[in-house]
Amino acid sequence: MARVANAVDDDCSKGAKWNSAVAEAKNLIECGIDGTAGCAVPVLPNITFDNPVASFEVSERTSSSSSITVSGCVITVRVTAPLQTIFGTNLVSVPGYNLAGVTLNAEALQRYIGR
């Protein structure tokens, strides 16, 4: 998403190509391939977007050091997935401990470049 022209406007708001860029990014995360058509066998099965908050957001971030201030648009992506759907149900066997119900949460931030 960081390199999709017009996905983010100069003021760090969602641009004209934001929705199509999100659809392609979701497909790439879940299926490991470009496009929006989906796939028969997902690389990351049962991954959840938009739970509990919006999975794709853009905002302006500023960083300062001494007399230098740098601002940029940052895209944040959040996803969740049940542990056993990615790693299998027999990943770890610990007496008295059940991995069922463990959810993996991931969040990634990337600076928008736009080209």
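Just so it is clear, none of the values below were taken in a lab; they were calculated from the coordinates. Quantities reported herein were computed from a predicted structural model and do not represent experimental measurements. A quick note on method: Cβ atoms are made from the backbone with ideal geometry, for glycine too, and the neighbour counts reach across all protein chains shown.
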Specify the angular offset, from 0 to 90 degrees and rounded to the nearest 10, of the alpha carbon long axis of helix 18-31 from the longest principal axis of the alpha carbons in the chain. 30 degrees
Once you charge only the Cβ atoms, +1 for Lys and Arg and -1 for Asp and Glu, what is the size of the charge dipole of the chain about its Cα centre, to the nearest 20 debye? 160 debye
I want the local charge near C39. Using Cβ-Cβ distances under 14 Å, sum +1 for each Lys or Arg and -1 for each Asp or Glu among the other residues. -2
Yeah, the chain with a ≥ b ≥ c from its alpha-carbon gyration tensor (a/c under 1.5 is rounded, else prolate when a/b outruns b/c, oblate otherwise) is oblate
Going by average Cβ neighbours within 10 Å, how do the peptides 107-113, 60-66 rank, with the highest at the top? 107-113, 60-66
Quick one: net charge of C12's neighbours, Cβ under 10 Å, K/R +1, D/E -1? -2
Return the single residue from S67, S13, S59 with maximal mean-square fluctuation; model: Gaussian network over the chain, springs between Cα atoms under 10 Å. S67
Taking the simple approach of a point 7 Å from Cα along Cα-to-Cβ for both D9 and T36, what is their distance in nm? 2.0 nm
Describe numerically, in nm with one decimal, the distance between label points set 7 Å from Cα along Cα→Cβ at R111 and at S65. 1.1 nm
Cα gyration tensor of the range 5-57, axes a ≥ b ≥ c as square roots of the eigenvalues: rounded (a/c below 1.5), prolate (a/b > b/c) or oblate? oblate
